[in-house]
Ligand code: HEC
Ligand code: HEC
């Protein structure tokens, strides 16, 4: 009996110790959740791993690698989470995102959003007018929405949902639109619906227009 009683007391003490610990830990966990992003850490991780493909300041010079500078941080974090979970499929980026913690993602994303995007240029004189009309007005007779409605007239996007597009490499934009249309990129239903009705020529035109948009 004595042994049982002392065991019970030990258990009670242990339980109260746990609850004291839980009470102390709770505010700390809450504080960590709203902690400010650490831009210096973000820059360091970005420079070590990502800059080789996306450019030192997030302005990638390679058409297949997207520019990331000045992008909304919430959009960047969403993409990194989805590369990691496999919701957005890309062999290179899934491997990159797999090594990032939620804090790494946040730190890198906020640092990138603080960098200025360098403007780009439209190159296809023949198609740019078609691109402009799709971007600004959509294609009414085929129920294709104007891009500007969600991505804003100058392509700066609308935080937090609608990403910045202006100045992006046309090759990258065209690859994403084709990916949405063909079911390769499946992480945004709205864009799957928009891209579903675009043909290759329209994708080329609007992507070229977006590259020069500012
Ligand atoms: C080997 C080259 C390479 C490296 C290194 C790399 N990326 Fe990427 N990244 C790409 C490519 C290519 C894409 C386009 C993927 C696609 O087509 O879906 C991409 C896409 C992205 C996107 C999506 C952008 C958008 O507009 O939707 C983000 C965000 C991103 N990378 C962040 C990072 C971060 C952060 C790192 C470092 C941890 C990194 N990348 C390292 C090549 C690279
Ligand atoms: C109804 C709102 C809506 C409309 C209209 C719309 N978009 Fe989007 N678009 C989105 C959303 C939301 C995303 C973010 C997807 C994600 O979270 O992965 C997006 C993402 C994109 C991306 C991927 C950007 C990147 O960096 O990878 C491209 C490219 C794009 N849109 C182009 C267009 C074009 C071109 C049009 C017009 C033909 C258009 N969008 C019309 C909502 C819209």
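The values are calculated or read from the model by the stated rules, or taken from the named source; none is laboratory data. Computed from a prediction, not measured in an experiment: that's the story for all the values here. We place every Cβ from the backbone using ideal geometry, glycine too, and count neighbours over all the protein chains shown.
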Residue 46 meets each of (1) within 16 Å of ligand 2 (Cβ to nearest atom); (2) surrounded by 14 or more Cβ atoms within 10 Å (Cβ to Cβ) with one exception, condition (1)
For region 153-172, state whether one or more residues are more than 14 Å from ligand 1 (Cβ to nearest atom), on the phi > 0 side of the Ramachandran plot and outside any helix (DSSP H, G or I). no
Of all residues being part of a loop (DSSP other than H, G, I, E, B) and within 12 Å of ligand 1 (Cβ to nearest atom) in region 74-124, which is nearest to residue 35 (Cα to Cα)? Just the residue, please. 101
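Just checking, which of 131, 138 is in contact with a strand residue (DSSP E or B) (Cβ under 6 Å, 6 or more places away or on another chain), modelled with pLDDT of 95 or more and over 30 Å from residue 45 (Cβ atoms)?
Details: 131 fails: in contact with a strand residue (DSSP E or B) (Cβ under 6 Å, 6 or more places away or on another chain).
Of 131, 138, the one residue that is in contact with a strand residue (DSSP E or B) (Cβ under 6 Å, 6 or more places away or on another chain), modelled with pLDDT of 95 or more and over 30 Å from residue 45 (Cβ atoms) is 138.
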